[in-house]
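Taking it in order: structure first as structure tokens, then the write-up.
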């Protein structure tokens with residue numbers, strides 16, 4: 001079976017990029033992306049994946065998203081037996097590439113559940129322009145989604161968004177985590193947060209939480225979302241001395257940080273699924289997370305961590321209540337919980353769904 005995987009871009013290693021690479025490796029597929037960093041498959045541990053760059057696109061939104069959508073709508077991709085679409089803008093290939101399946105990380109959030117908060121964060125002139133762009137692009141996006149034959153959601157949280165906003169049903173297959181990569185080293189002194197620097201990741205909430213905890217330390221790993229100046233954003237947060245921003249770091253160093261941190265703090269707004277709690281649990285580390293979104297599907301309160309209201313007061317109280325002994329006792333529960341999200345589970349489920357999609361298309365011929 002000749003399989004093509006289409007993903008928005010391959011510029012950095014995030015959850016969506018790991019899914020696309022895992023799918024390409026599992027199906028021996030051809031992967032098509034915009035903005036390819038040719039070193040990324042190797043750095044992600046999948047150097048044999050065949051990747052084709054279909055376009056270079058601008059860095060700044062919304063020109064970036066417009067060019068991505070156009071590339072997937074128009075680029076001449078060779079014939080395959082099935083097309084697996086991943087991300088927000090690869091879905092624009094759905095009307096012409098069939099049979100198809102869309103692995104949906106989330107419907108575009110600025111079109112729907114983050115629409116108001118996103119616009120309110122912009123200066124007045126940019127807000128007007130963004131609103132006009134959304135009004136033009138959302139109908140086009142919904143028309144592309146209507147051409148998708150099978151939708152797979154990365155969580156029950158996203159499944160509900162798909163039904164609410166796109167009026168479609170979806171199967172749920174949790175994203176893959178290579179749990180074998182992670183190890184327990186010790187219960188360290190530094191808390192860890194792994195997050196892009198962007199609006200919905202609530203980085204300010206992290207900073208304000210640890211401003212209340214001068215005896216605790218936080219290390220934040222992750223680069224800025226495209227179009228955001230990382231240094232300027234960090235300066236605007238005025239972080240206290242006990243909060244350190246490392247930016248993007250090599251994967252080996254991140255694995256070391258998981259192994260030696262005290263635990264993970266996760267605060268993204270309505271997180272689609274959230275791979276980082278599973279990665280932390282695979283390393284035997286407990287998670288303090290806000291009680292919303294995909295965190296509710298991974299963190300087991302009292303066994304693998306805490307789910308608390310999205311306030312600095314509540315987060316600080318949970319963090320300050322921990323002890324090294326208590327965190328050590330959660331180690332086994334964390335690692336057992338992470339095993340439920342292992343990459344093999346994801347691959348087996350996706351292979352079954354893809355076969356059904358192809359057989360269904362053959363039956364309709």
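A few remarks follow.
- Among residues of segment 312-365, those that are surrounded by 13 or more Cβ atoms within 10 Å (Cβ to Cβ) and touching a strand residue (DSSP E or B) at 6+ places or on another chain (Cβ under 9 Å), counted: 22
- Only residues that are part of a loop (DSSP other than H, G, I, E, B), surrounded by fewer than 21 Cβ atoms within 10 Å (Cβ to Cβ) and modelled with pLDDT under 95 were counted across segment 155-183, and they come to 1.
- Comparison of 95, 58 shows that the only residue that is at pLDDT below 95 and over 19 Å from the mean Cα position of the chain (by Cα) is 58.
- Set 145, 152: member being part of a strand (DSSP E or B), touching a helix residue (DSSP H, G or I) at 6+ places or on another chain (Cβ under 8 Å) and not assigned by TED's automatic domain parsing to the domain that holds residue 285: 152
- Of all residues assigned to segment 246-256, none qualifies as being part of a strand (DSSP E or B), surrounded by 16 or more Cβ atoms within 10 Å (Cβ to Cβ) and under 17 Å from the mean Cα position of the chain (by Cα).
- Residue 213 meets all of the listed conditions (1) in a helix (DSSP H, G or I); (2) touching a helix residue (DSSP H, G or I) at 6+ places or on another chain (Cβ under 9 Å); (3) farther than 21 Å from residue 274 by Cβ but one, namely (1).
- Note on segment 257-337: enclosed strands (runs of 3 or more DSSP E) holding 3 or more residues that are touching a residue at least 24 places away in the same chain (Cβ under 8 Å) and closer than 28 Å to residue 112 by Cα are 287-290.
The values are calculated or read from the model by the stated rules, or taken from the named source; none is laboratory data. It should be emphasised that the depicted structure is a prediction, and the values quoted were computed from it without experimental measurement. All Cβ positions, even for glycine, are placed from backbone atoms using ideal geometry, and neighbour counts span all protein chains on display.
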